[in-house]
Every structure is written in structure tokens, then in C-alpha cells.
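All remarks here apply to the structure that follows.
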Amino acid sequence: MAVHLPATPERIGKYLIKRIIGTGAMGTVFEGFDPVIERRVAIKTIGAQYLADSSDAAVTRFKREAQASGRLQHPGIVAVYEYGEDETQAFIVMEYLEGRNLREILRAKKGPLPLIDTYGLARQLLIALDYSHQQGVVHRDVKPANLMVINGLKLKVMDFGIARIESSSMTQTGSVLGTPTHMAPEQLKGLQADGRADLWAAGVILYEMLTGHSPFAADSPAAVMHHVLHAEPILPSSHDRSIGPAFDAVVARALAKQPEQRFQTANQFSAALLAAFRGKPAVEAVPPARYDAHQTLSPEQTARFERTGTVGAAKLLDPLSSSLPAQTLAEIEASLTRAIGPLAHELIRRAASHSKSIGEFYAELSDNVPEGAERDAFVKRIRRLDTGSSLGGSIPGMSHTQPPATSPGSTSGAATHTSTTGGFDAATLARAEKKLAEHVGPLAKLLIKRATSESGSLGELYRKLADHIDDEDERKAFLNELR
């Protein structure tokens, strides 16, 4: 289907229009040129048809962005030059930025940023937030996509569209607006959020830059929200032992569930970050928080307090290694070994120790397999695996093609079996395993065990085993040899 881009006007106000930068449901962003001052600008527009309904939330956010950004004049915040309206649209004229947003940088890196870069970017973010908060503006949607990195490592905060502005008639108290992965618990509860919600988001971003992973990643927005409200992420040092306890303490304090237990200002956060970067002990970077002496701490909370000075929630986010069935991990390792060799064992262990979702786990493993036929074959093999009901949800882009194993005494369509041989002749199974091993290697033993519990006849057993052979000609040859 053809995509129809909006027409590019010659001018908006006094500004000459060069090109379309991006489009949305209600407006367009253009690159423009100010002929008077002779500088490039970015012009964000919204159609007049939407302006007629001033109750529309998107229009309200558009006007709020102009109001919030217009009162902020800081080198770490994108500058707004003008707000205007004509017969066809309203528009905001902003500083033109040429660079990449932090989200794009993190995705391209596929891992942690260098510590010096992490410190530099986080410090710039906190300086900009400190200024914004002093001007009475709370951003409320701080996330990597709203942070532009230009000229090397110069950071600019963008998009104040859902900002809360002191004394503003457009304040949205009690509204749940923002991005769940970077929203503080009080925002998810619909409570009024102050500057400490922005500091929470800065803590999430610091975690992402330190580790290359999101602290609350999950397969659905609902699961993300649950993690934010009720569970503690594993500490950054669990991803990389070179990350010292002082950084663990900084992140833990920034991500405290209660606002009063976090850093109270961006300056406090920045000072703690500097102390951690200079190698100060955790207790010097972040003095221990107070907690109720009558509170009974779990072993995890006690260990967390000893390392970070922060108690945190009782429940930790369990890595996949504690949720995935052992047999599934073994099968995944066998499949990955076929693709890349003995290194598979270490990659499996590392990915399972910190992945928060099955999608993240599989994506990380697939990245280690060369693109093309090899990766497709690997994905096809692991698509069939049982990830365990405790993980919830399905694997993104993948669907299970096999029914679950039949338990003893169940009454499914297939015959039930009560032993590993499932009533099949041991010599027949040994022969099938030997033939299958020629195609799938050590994985054959596990596949035989599973197939015997799911098959009601020898023909069904052979067909299930053949499904694990990727090449069609080899699959036919395998079946012919067993007849």
C-alpha cells in the first residue's frame, strides 16, 4: 500500500521549509531555515482541525511543551524560539539538533557504554534536570528517546510535552502519562509526581548505560509495571563485576520505591555519581538510608542494605536461569553449540543470568549466530522448546508447535506413558537416537526422551523426531532409514 506523506509547504510563518523530518498522527516535524538570523530550525506542527478541540490531550501536551520549553534556557535543554498559529496549524520552532538520541546509541551498542561516557552523559542529564526543577518544571517523561546526543557526547533534553509546570492551568495531577519502563512508582499509581520522578528515570537510564540492559524489562507493559511497583532489579555489578559497589549504591538509591528514600535533588544524585566515579567507598558515595528498626528484613534485603545502604523491596527480579526448565537450557545450549561451538555454554549462562524476559534472552543468543541460514536454523530449533509456564506469555515472533508433554495419568488424545521408553522397544529407540544424532548431535538424546512421552505410535514418534531436522532432504532420508 502506498504511503502518502503530507505536502511540504514552502513556508511556515517566516521560516523556509527544507524537508520533512518526521510525521505523526496529528502533525509533522520539518527542518526549516530562519532567513533573518540565518540558522536551521526544527518546526513541530499540529493541524488546526485538532486545535478546535482544546480538550484533546495531544493538543494540551503540544501547548504544554511550548510553555515548558519556552521558559527553560539552558545549554542542556533544547531551545524553543517561538510558538505560533495560522489558519492551518499551530507550530513550535525549536533548536535544530543533528545527532542521535540515546535510545539509538544504546541499541547500536548492544551492551554497556564506556564508564567515562556513562558518567559524562548522566552528569549532563542531572545538571539539566536540576535547572529544570529549579524553574518549576518537572519533565515526567525522561527516557533515552528524549535525550539527544550531539557533537560527540553533548547531551540535550527534549520533549517536555507532558511536563508538570508549577502554577500552570494545564497541570495534569493524577494522570498516568509517560513510558512504563522509565516511570516512577508514584506515576504508575496516578499520584502527583515531583522532580524525584525525573530522578527515578535518570536512575533507570544510568542502569541501562552501565549494563546495557533495562532494569525492569518484561514481555508486557503490565509485567513492567508490576516489576516497577513490587520488585528490585538485580544490581549492576551482577551484570559486570567491574562495576563497583558505589555504583550499585547510587542506582539503588535512585530507584528506591518511595520518593523520600531517593535522592532528593539532582545535585545530590550528581554528587553521589561523581564519588562513585572517583572510586569512593559506597558508604561515602551514598550514606545509608534510614529504615524502620522494627522492620523484618529478608536475607535479600539484608544483603542489599549491606552493599548499597538501601533496603529495597523484598522481592528481587529473578533471572531466567531460575525459571527456565533445566532440560530447556540444555537443549538451547546444544543448539547454540552446533552453530558457534563450545563458547555456547558461557553465552547461555551469561544471558540467562540477567535476561528479564524470554524474548530478551533469545534475542541475545541469536545475535551471536551469523545472520542468514545459520541464524534461521537456530531460531527454528529453539522455537519448539518448552520455556516453562512460570515465565508467562509467548516468545515474541515465535510460537510453540508441539503440545505439552503428557503427564502420567492424564487423558489427552495421545496415549500416556509412564517411563522414559514410553512402551517403545529400547533397541528401536537406541537406533532412532543414533540416526537422529547424525543430524542434531547431542541434542538427540533429549529429543528422544521428550518425543516418547508425546507419541502414541512409532510413526508419530518418528515424525516428531524428523521435525527437528531442518533440511528437507535429510529429513526424508532419516525417515526412510528408520522404516
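General observations
- Stretching the chain fully between Lys109 and Gln258 yields a gain of 50.4 nm (0.36 nm per residue, less the alpha carbon separation).
- Segment 272-319: C-alpha gyration tensor shape, a/c 1.5 cut-off, then a/b vs b/c: oblate
- Remark: for residue pairs Lys14/Lys44; Lys44/Lys156; Lys110/Lys143; Lys18/Lys143; Lys14/Lys154, the C-alpha separation exceeds 20 Å in Lys18/Lys143; Lys14/Lys154.
- Each of the peptides 193-205, 425-437, 359-371 was scored by the mean count of other Cβ atoms within 10 Å over its residues; in descending order, highest first, they stand as 193-205, 359-371, 425-437.
- Per-peptide average of other Cβ atoms within 10 Å, ordering 207-219, 336-348 highest first: 207-219, 336-348
- Set of aspartates and glutamates near Lys257 by C-alpha distance (under 20 Å), chain-local residues within fewer than 8 positions excluded: Asp141, Glu186, Asp194, Asp198, Glu208, Glu232, Asp248, Asp292, Glu300, Glu306, Asp318
- Distance in nm between pseudo-label sites at Ser366 and Ala293 (7 Å out along the Cβ direction from Cα): 5.5
- Residue-normalised accessible area of segment 64-140, given per residue in Å² at a 1.4 Å probe: 46
- Residues Asn151 and Lys14, FRET efficiency given R0 of 22 Å [Cβ-Cβ distance, rounded to 0.05]: 0.20
- Only the Cβ atoms of Lys and Arg (+1) and of Asp and Glu (-1) were treated as charged; on that basis the dipole of segment 184-290 about its Cα centre amounts to roughly 280 debye.
- Percent accessible area from carbon and sulfur atoms, segment 211-291, protein chains only, probe 1.4 Å: 53
The values are calculated or read from the model by the stated rules, or taken from the named source; none is laboratory data. Bear in mind the structure is a predicted one, so any value in this text is a computation, not a measurement. All Cβ positions, even for glycine, are placed from backbone atoms using ideal geometry, and neighbour counts span all protein chains on display. These accessible areas exclude ligands, DNA and RNA; they are computed on the full protein's heavy atoms, side chains included. Shrake-Rupley method; radii C 1.70, N 1.55, O 1.52, S 1.80 Å.
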